[in-house]
Amino acid sequence: MNTFERIVVVAFDQLSFEHGAMASANPISDLIVLIESQRMLSGRNWHPERLFFMVSSARHFAAEARVRGFTVVYRQAASTPEGIRAIWAEHGQLPTIATAPASFGQARQFDELGIKTVETDFFLTPRRLFSSWAEAQKTFVMENFYRLQRVRLGLLVEGDKPVEGRWNFDEDNRLPPPKNYVWPPRLTHERDEIDAEAAAQLGHSATDLWATTRAGALRALDHFIEHNLAGFGPLEDASTNDDWSLHHSLLSPYLNVGLLHAREVVDAAVAAYSRGDAPIQSVEAFVRQIIGWREYINGMYWFLGEGYERGNGLGAARKLLPVFTKSYQTKMNCVSSVVSDVEKRAWVHHIPRLMILSNLALLTSTNPQEFLDWMRENFIDASQWVMVPNVIGMGVHADGGRLMTKPYAAGGAYISRMTQYCKGCTYNPKLRVGDDACPFTTLYWDFLDRHRETFAKNHRMGQQLMGLNRLSDLPELRERAIEVLDGLEQGVI
Ligand SMILES: Cc1cc2nc3c(=O)[nH]c(=O)nc-3n(C[C@H](O)[C@H](O)[C@H](O)COP(=O)(O)OP(=O)(O)OC[C@H]3O[C@@H](n4cnc5c(N)ncnc54)[C@H](O)[C@@H]3O)c2cc1C
Ligand code: SF4
């Protein structure tokens, strides 16, 4: 029997041999432990595709570790602490280490168990470095952080100047969905025995959309660079019914569980630019998402503290609407299409997450924590650190404007301009009152009306409030808004 000197606990979202505690693990002296906690599996109403992805990826990682010569205990237990205590009972209470967890909750759990943690290098920005940036800011403008990141990480810069003379090509990147466009082929992933076992245990028939191995994640990265990077920038904000992923990378699940690292992903994009395979406007846009938004959101999660996720600055108290759990419980084409996409794949891109799902929660004053829970349970790439600032700050403005100075509220006219959903809808995006009025248009004005005082001092909301003051049909609009909200609660609007 082996006598080990240490136990290395690997969390399901830190599946890497090159980063974190595994980087220094030794097959002879370290016992590798992964705990599949029943509390994690059944504690919430998880989307089965998400659970499948998490469990199968962890089991593939355990199998790969054995191939590399490690002794691995993959233990099913009622909870993570119970699993770890059982391992200690069997192997003795050896010094136990892990990578610093990705959420406050797990950090506390490891702390209580006395597990020592090594600093995480799953991100490109050490937490202390981010805090020192944030502490020096009056407002947390992502663009300022991003430019520093470009220089610090030496990406798309010549000295401290951006290549091709501009930091940001956003202005060139707002094209609507093109007509008669041929979208690239989509990569699929063959399922193996480990996948089949995980799917059977979960009683789920898995899609072939998401890789569950490092090799599959690398294939997804190559596929993105070859087929989608060049078109990524111009169409990054577009939304269309013709293709569900457009030129998006579909890499977030792998980045968030450690199967890919941010550095290799941006390096691959910059290498494509250097070879002349992708234009600056696309490569810059993609690099900004990874070293800008992703790092900024992670930094802000830790900087804003654990209480941030409980924010409810607009006093939103409505229970989660039935349409979030059953896509057919609404006649709003945009909402039912997007929720149905989530039901199928546990993923939609950034714009539907913001413009449709979060916007609906914001305008209906849905309780932010109920909406946050739903988002966490239903997205393949959901992690606490990324959902909390994106939902509480960016999506539903529940943080009193700490992250974003104004709420992302949009009416039907804007959705109609940016997407194709309105063409097939019962409602008319131009109308705000009457039975045919678009619920988003009605609720947009009603939301501004209800929060008039809160936003009065916000100069970025001045134009919208002026628009509200010019409405001649406010009494009818308020009545229609009540009907719409009741109808949404009953699943008939
Ligand atoms: C309300 C809301 C909730 C979100 N929840 C999540 C989540 O749970 N997990 C998640 O990874 N992303 C989340 N995002 C960000 C973004 O929508 C997804 O990262 C993206 O849609 C994933 O698809 P992709 O990999 O094809 O992204 P691409 O469009 O190809 O972008 C490339 C990468 O940039 C990063 N990125 C871009 N925007 C953000 C952002 N705002 N925050 C963090 N990373 C970003 C992601 O790692 C993504 O993989 C959320 C956004 C909103 C508005
Ligand atoms: S009309 Fe309104 S509800 Fe219908 S698809 Fe357009 S925005 Fe959505």
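The values are calculated or read from the model by the stated rules, or taken from the named source; none is laboratory data. Remember, it's a predicted structure, so these values are computed and weren't measured experimentally. Glycine gets a Cβ as well: all are built from the backbone with ideal geometry, and neighbour counts include every protein chain shown.
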Out of 414, 328, 421, 408, which single residue is of a type in the set (Phe, Trp, Tyr) and surrounded by 23 or more Cβ atoms within 10 Å (Cβ to Cβ)?
-> 421
Confirm whether residue 293 is within 11 Å of ligand 1 (Cβ to nearest atom) and either closer than 21 Å to residue 150 by Cα or among the basic types (Lys, Arg) (or both).
-> yes
Return the total of residues in region 356-375 being under 17 Å from the mean Cα position of the chain (by Cα) and either away from ligand 2 (no atom under 16 Å from the Cβ) or not in a helix (DSSP H, G or I) (or both).
-> 8
Could you please find all residues in region 452-481 being more than 32 Å from the chain's Cα centre (by Cα), exposed (fewer than 13 other Cβ atoms within 10 Å of the Cβ) and among the hydrophobic types (A, V, I, L, M, F, W, C)?
-> 466
Residues (crowded, with 22+ Cβ neighbours inside 10 Å and part of a loop (DSSP other than H, G, I, E, B)) located in region 333-355 | 346, 347, 348
Mind checking whether some residue in region 271-279 is under 21 Å from the mean Cα position of the chain (by Cα) and of a type in the set (Lys, Arg)?
-> no
For residue 433, the lone unmet condition from (1) over 32 Å from the mean Cα position of the chain (by Cα); (2) in a helix (DSSP H, G or I); (3) within 24 Å of residue 336 (Cα to Cα) is (2)
In the set 252, 239, the lone residue that is buried (at least 20 other Cβ atoms within 10 Å of the Cβ), within 20 Å of residue 386 (Cα to Cα) and not assigned by TED's automatic domain parsing to the domain that holds residue 376 is 252
Could you tell me which residue of region 117-168 is farthest from the chain's Cα centre (by Cα), considering only residues that are among the basic types (Lys, Arg) and in a helix (DSSP H, G or I)?
-> 152
Looking at 417, 402, which is the one that is part of a helix (DSSP H, G or I) and either over 12 Å from the mean Cα position of the chain (by Cα) or within 16 Å of ligand 2 (Cβ to nearest atom) (or both)?
-> 417
So, first residue farther than 12 Å from residue 299 by Cβ in region 138-159, second residue modelled with pLDDT under 95, Cβ within less than 7 Å, six or more apart or across chains; the pairs are 139/405; 143/168; 151/160
Is there a residue being surrounded by fewer than 17 Cβ atoms within 10 Å (Cβ to Cβ), in contact with a Phe, Trp or Tyr (Cβ under 8 Å, 6 or more places away or on another chain) and among the aliphatic types (A, V, I, L, M) anywhere in region 315-323?
-> yes
Give the number of residues within region 408-429 that are within 16 Å of ligand 1 (Cβ to nearest atom) and either of a type in the set (A, V, I, L, M) or in contact (Cβ under 8 Å) with a residue 60 or more places away in the chain (or both).
-> 5
What is the number of the single condition among (1) within 16 Å of ligand 1 (Cβ to nearest atom); (2) touching a Lys or Arg at 6+ places or on another chain (Cβ under 8 Å) that residue 461 does not meet?
-> (1)
When residue 481 is run through (1) within 16 Å of ligand 2 (Cβ to nearest atom); (2) more than 30 Å from residue 246 (Cβ to Cβ); (3) part of a loop (DSSP other than H, G, I, E, B), the failure sits at (3)
Residues (near ligand 1 (Cβ under 9 Å from one of its atoms), closer than 26 Å to residue 445 by Cβ and not aliphatic (A, V, I, L, M)) located in region 372-400 = 390, 395
